[in-house]
Every structure is written in C-alpha cells, then in structure tokens.
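One structure below.
The values are calculated or read from the model by the stated rules, or taken from the named source; none is laboratory data. Keep in mind that this is a model prediction, so the values were computed, not measured. Cβ coordinates were reconstructed from backbone atoms using ideal geometry, including for glycine residues, and neighbour counts include every protein chain displayed.
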C-alpha cells in the first residue's frame, strides 16, 4: 500500500512540475512575442533588427506571392524584390544582417491615372506595420498616420516605437516611397 501511495504522489509531483514548466514556457513565449521594439541583430553588433521578422521567412513569403527577388550587387545583406500588377509596380528593399531584418523600404508606382489605389495603400500599410503585428493599437496608429501622409502628399520623417519612418509622397502623382528601419544604438 505504501508503494502505491508513493507512486501516486510521485506521478502527481511530476505532473505538477511539467505543468509549471509548460506555464513558464507559455509566459516566456508570450513575453518574447510581445517585444515590438528593435533588438540586436546579433551579439556584439550595433545594428538593430525587427524582432518579429526573420529574413528567410519574409523572402519566402514574398516569392510565394509572385515577387522576383535577388541580392543587390555587392551587398550580401541587401535584397530587392519586385512585383508588377497591371500598370502598378512595387519595389521592396530589405536589409538583412545576421538573418534578421533591420530596414524595409517600398516604392510604389501606380498606373497612368496617377492615383494610389486601395490595393497599393494596403500593401504599403501592411509593410509599414510589420514590426507591430502583435500590437493592434500600434498597427492602427501607424496605418492612420501613413494614410494622412499619403493623402496629404507629404514628405515626412518620424520615429515611432523605436523605428525611424520616412515617407515621400509629394513627388509624381501615383508614386509613394516608404522606408522604416530599426533605430541603431
């Protein structure tokens, strides 16, 4: 009888220990997922990266959506991806030190009528909010801020939650450029 009691107590202890470990893992994973500000791209580097983005995953996703991507000549960490849909052209740049992403840029040129289409706006907004995918409030803020810049045809620079944004919307009708990068230390 004592052996059976010991076995049940041991099993209960192991289950409790495993449960505590799983709970600790869940809390840690959630805390890590909640990080939206820039993090070091690699140990002992001044470059900062977007914690939620990994270069290989982003590149694979872009290629799966029809983008043609390649390394910029002479720059192992610099990539360019292009997509053409009808008269619209999308050119995206990625700076990818140590497998992370430190900078994203996009230039959009929309057709002959010169208006930035709803689809182009969605594409730009999606890219501009990538660092905050787990933060709906910041996604909404950045999306509204970006819309004001495009609608007002403004050229502006701003820092938002650890990222430097540059928007160039005052040039030719139907052209917008947006760049954001993690603030370096």
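So which of 80, 54, 63 ends up being within 23 Å of residue 142 (Cβ to Cβ), touching a strand residue (DSSP E or B) at 6+ places or on another chain (Cβ under 9 Å) and modelled with pLDDT of 80 or more?
When all the criteria are applied, what remains is 54.
Would you confirm, using the coordinates I've provided, whether residue 99 is under 22 Å from residue 57 (Cβ atoms), in contact with a strand residue (DSSP E or B) (Cβ under 9 Å, 6 or more places away or on another chain) and exposed (fewer than 15 other Cβ atoms within 10 Å of the Cβ)?
Criteria met by residue 99.
Given the residues 171, 111, 119, which is the only one that is surrounded by fewer than 17 Cβ atoms within 10 Å (Cβ to Cβ), outside any loop (DSSP other than H, G, I, E, B), modelled with pLDDT under 90 and assigned by TED's automatic domain parsing to the domain that holds residue 90?
119
Test of understanding: among 181, 157, which residue is free of Cβ contacts under 8 Å to residues at least 12 places away in the same chain, within 24 Å of residue 52 (Cα to Cα) and in contact with a strand residue (DSSP E or B) (Cβ under 6 Å, 6 or more places away or on another chain)?
None of the others qualify; the one that does is 157.
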